[in-house]
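Read the structure below first, then the notes.
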Amino acid sequence: MSTSPTAKTYSSLTEISIGQQAMLCKNTMDRGLEKKLLALGFSMLIPLKVTQKRTGGLVVGIGNARIALNQTLAQKIMIEAI
């Protein structure tokens, strides 16, 4: 019986499905992007959920807030599904 540690898999925010919860991955983003996300209201401690997907971007729910992101920015945000 072998027990291998489960490897964390990170994916882009654009790759998760609507309604799925995820956490931001701090170690996979550059400092500038991290500052921008914190200014928008993202938090490393609060799970986020994609509520809508459109051709040009998506809407993310964080707590009681909803934030619209364009496709380019959403592709840079790395998350871990929970």
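Could you tell me whether Ala68 is among the small types (Gly, Ala, Ser) and either free of Cβ contacts under 8 Å to residues at least 60 places away in the same chain or farther than 16 Å from Ser11 by Cα (or both)?
Considered against the rule, which asks whether it is among the small types (Gly, Ala, Ser) and either free of Cβ contacts under 8 Å to residues at least 60 places away in the same chain or farther than 16 Å from Ser11 by Cα (or both), Ala68 comes out as yes.
Checking the conditions here, which among Thr51, Thr72, Thr14 is in contact with a helix residue (DSSP H, G or I) (Cβ under 9 Å, 6 or more places away or on another chain), among the polar types (S, T, N, Q) and at pLDDT 90 or above?
Selected residue: Thr14, the only one of Thr51, Thr72, Thr14 that is in contact with a helix residue (DSSP H, G or I) (Cβ under 9 Å, 6 or more places away or on another chain), among the polar types (S, T, N, Q) and at pLDDT 90 or above.
Go through the range 64-82 and report how many residues are buried (at least 16 other Cβ atoms within 10 Å of the Cβ) and part of a strand (DSSP E or B).
Residues meeting the conditions: 3.
Hey, among the residues in the range 33-63 that are assigned to a loop (DSSP other than H, G, I, E, B) and of a type in the set (A, V, I, L, M), which one's nearest to Ile77 (Cα to Cα)?
Among those that are assigned to a loop (DSSP other than H, G, I, E, B) and of a type in the set (A, V, I, L, M), it is Met44.
Identify all residues within the range 9-41 that are hydrophobic (A, V, I, L, M, F, W, C) and over 9 Å from the mean Cα position of the chain (by Cα); write none if there are none. Walk me through how you get there before you give the answer.
The initial filter retains those residues of the range 9-41 that are hydrophobic (A, V, I, L, M, F, W, C), namely 13, 16, 18, 22-25, 29, 33, 37-40.
Ile18, Met29, Leu33, Leu37, Leu38, Ala39, Leu40, listed by residue number.
The values are calculated or read from the model by the stated rules, or taken from the named source; none is laboratory data. These numbers were taken from a predicted model, which means no experiment stands behind them. Reconstructed Cβ throughout: ideal geometry from the backbone, glycine too, with neighbour counts over all protein chains shown.
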